[in-house]
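Just so it is clear, none of the values below were taken in a lab; they were calculated from the coordinates. Values in this document were obtained by computation on a predicted structure and should not be read as measured data. Using ideal geometry, Cβ is built from the backbone for each residue, glycine included, and neighbour counts are taken over all protein chains shown.
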Amino acid sequence: MTTPASTNTIALLRNAAGRLQFTSADGSIHDGVFPVRAFPITSPDHGLSIVSADGHELLWLENLYDVDADSRALLSAELAQREFMPEIHRIMQVSSFATPSSWQVITDRGETTLILKAEDHIRRLTTTSLLITDSHGINFLLRDVEQLDKHSRKLLDRFL
């Protein structure tokens, strides 16, 4: 049964093996727990579950900022490790307007090349945001198409 967080302090720590450990209100200790966001792109700080190693929800947090700073730091570090999703800021060039094609992009994590296997690997999340999955299964977020420079927009429009 899921327990909503009722106080600002939750019993969360990193064990000797480096995995998260959660102690529930009844004193049960759960090793290898992990946080899962309900809406990782549209509302990353709202709606967060602490899930057991076997996939059962142990705790529901309405807001990441409802917990103490130490717990928030542990949760944020774990989420950053689990949710690797570079954000595309600019498309430098594409090898071809047919798929598969190589895209050279600048992301929030630096410059990289991704391989777009098929046009349906570009998914629209909202009217202005896209999720692009490369040939290795890495998801790249394009948060706002309207904010792209003219050259990037022109290249992208050929695939949409």
Relative contact order in percent for region 55-151 (Cα pairs under 8 Å, 6+ apart) equals 21 percent
Length gained, GLU146-ARG123, 0.36 nm per residue minus C-alpha separation, equals 6.7 nm
The exposure ranking of ILE91, ILE41, ILE29, fewest beta-carbon neighbours within 10 Å first, is ILE29, ILE41, ILE91
DSSP beta bridges in the chain: the antiparallel percent, rounded to 5, is 90 percent
Using alpha-carbon coordinates alone, the radius of gyration and Dmax of the chain in Å work out to 19.3, 59
With bins of 10 Å, the percent of all Cα-Cα pairs of region 88-157 per bin from 0 is 21, 62, 16
Scalar couplings 3J(HN,Hα) for region 85-98 by Karplus 6.51 cos²θ - 1.76 cosθ + 1.60 (θ = phi - 60°), nearest whole Hz, x for Gly and Pro, are 9, x, 9, 6, 9, 7, 9, 7, 6, 10, 6, 7, 8, 9
Dividing the helical contributions, -39500 (n - 2.57) per DSSP H run of n ≥ 4, by the residues of the chain yields a 222 nm value, nearest 500 deg cm²/dmol, of -4000 deg cm²/dmol
Note on region 3-82: contact order normalised by length, alpha-carbon pairs under 8 Å, 6 or more apart, percent, works out to 29 percent
Over all directions, region 3-82 yields a Cα convex hull whose mean projected area in nm² is 4.9 nm²
Amide H proximity to PHE140 below 5 Å, modelled H, separation 5+ or other chain, gives ILE132, THR133, ASP134
With 0.36 nm assigned to each residue of separation and the Cα-Cα distance removed, MET92 to ALA69 gains 4.4 nm
Expected sort for PHE159, PHE22 with the fewest Cβ neighbours (10 Å cutoff) up front is PHE159, PHE22
Rounded to whole angstrom, the alpha-carbon centroid of region 97-123 lies from that of region 11-90 at a distance of 30 Å
